[in-house]
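The values are calculated or read from the model by the stated rules, or taken from the named source; none is laboratory data. As the structure is a prediction and not an experimental result, all values here were calculated from the model. A quick note on method: Cβ atoms are made from the backbone with ideal geometry, for glycine too, and the neighbour counts reach across all protein chains shown.
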Amino acid sequence: MKPQEKGKILKLLSVCLSYPDDALAAAAPEIEQAAAGLGDPNLRMQLSAFAAELATRPLLSLQEHYTAVFDMRPQASLNLTYHLLGDREERGRALAGLLALYQRSGFEPAVNELPDYLPLMLEFLSIAPEAATDSQMSRCLSAVPVLLEHIAESPSIYAVPLEILGRMLPDAGDAGPSGASDGLPAALEE
């Protein structure tokens with residue numbers, strides 16, 4: 001997969017995993033159009049189906065589902081350092097490290113979220129793929145398989161973008177909450 005297409009997919013996944021608001025609901029046709037331009041037919045099909053689901057469900061229903069999946073269940077939080085460190089003091093240092101990485105790269109987050117918020121991290125990596133070599137970024141992303149396991153416990157449309165992201169990451173079989181994913185840079189920069 002070309003680096004440009006990886007960046008495009010990461011940006012699409014960032015949008016798909018963001019809190020559903022009026023802008024996201026209105027963007028469903030754009031998501032489907034962007035998905036149609038992807039080279040991988042499986043990705044096209046999955047993202048098109050996800051966009052169709054966004055377009056057909058009422059916004060309030062999407063918001064309730066998103067909140068039930070990600071906000072009411074800490075084990076499914078999109079704040080990745082939570083999976084690695086819980087609410088320990090080290091988490092604050094990890095968040096500060098991610099924020100410093102964003103600042104060094106000249107990235108100005110457009111959303112008011114913690115720096116470990118997965119959609120924000122994906123948006124950052126879509127424009128700064130070289131940042132995937134940062135050990136803290138790799139370690140945070142090693143929590144994605146853990147997150148996906150929790151999402152898979154109950155049916156959710158959000159399993160689709162997480163599964164796609166999980167396939168883009170290296171095999172993280174041994175990179176549970178305490179480990180880092182050593183192969184991440186290669187997976188994102190193929």
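Given the residues 43, 78, 85, which is the only one that is hydrophobic (A, V, I, L, M, F, W, C), in contact (Cβ under 8 Å) with a residue 40 or more places away in the chain and buried (at least 19 other Cβ atoms within 10 Å of the Cβ)?
Matching residue, one of 43, 78, 85: 78.
Would you mention how many residues in region 120-135 are among the charged types (D, E, K, R) and closer than 11 Å to residue 13 by Cα?
Of the residues in that region, 1 qualify.
Only one residue in 49, 68 is farther than 24 Å from residue 80 by Cβ and either out of contact with any Leu (no Cβ under 9 Å at 6 or more places or on another chain) or surrounded by 15 or more Cβ atoms within 10 Å (Cβ to Cβ) (or both). Which one?
Details: 68 fails: farther than 24 Å from residue 80 by Cβ.
None of the other options fit; the residue is 49.
This table checks each residue for (1) under 27 Å from residue 131 (Cα atoms); (2) in a helix (DSSP H, G or I).
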residue	(1), (2)
25	no, yes
34	yes, yes
70	yes, yes
87	yes, no
90	yes, yes
95	yes, yes
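Consider region 2-29. How many of its residues are of a type outside the set (S, T, N, Q) and farther than 17 Å from residue 46 by Cα?
Final tally of qualifying residues: 11.
Would you point out which residue out of 86, 97, 106, 37 is under 24 Å from residue 127 (Cα atoms) and at pLDDT below 90? First the steps, then the outcome.
Numbers: 86 fails: under 24 Å from residue 127 (Cα atoms); 97 fails: at pLDDT below 90; 106 fails: at pLDDT below 90.
37 is the lone residue from the list that is under 24 Å from residue 127 (Cα atoms) and at pLDDT below 90.
If I filter region 1-30 down to residues being among the hydrophobic types (A, V, I, L, M, F, W, C) and modelled with pLDDT of 90 or more, which single residue comes out as nearest to residue 110 (Cα to Cα)?
The extreme case among them is 15.
If I filter region 72-85 down to residues being assigned to a helix (DSSP H, G or I), closer than 19 Å to residue 135 by Cβ and not aromatic (Phe, Trp, Tyr), which single residue comes out as nearest to the chain's Cα centre (by Cα)?
80
May I ask you to list pairs of residues, at least six apart or on different chains, whose Cβ atoms are under 8 Å apart, with the first in region 124-136 being within 13 Å of residue 103 (Cβ to Cβ) and without any contact (Cβ under 8 Å) to a residue 40 or more places away in the chain and the second being surrounded by 21 or more Cβ atoms within 10 Å (Cβ to Cβ) and of a type in the set (Phe, Trp, Tyr)?
From region 124-136, the pairs are 131/124.
Quickly run through region 42-68 and pick out the residues that are charged (D, E, K, R) and either at pLDDT 95 or above or not in a helix (DSSP H, G or I) (or both).
57, 64
Could you count how many residues in region 110-161 are in contact with a Gly (Cβ under 7 Å, 6 or more places away or on another chain), part of a loop (DSSP other than H, G, I, E, B) and at pLDDT below 90?
So the answer is 0.
Only one of (1) among the polar types (S, T, N, Q); (2) in contact with a Ser or Thr (Cβ under 8 Å, 6 or more places away or on another chain); (3) assigned to a loop (DSSP other than H, G, I, E, B) is not met by residue 18, so which one is it?
(2)
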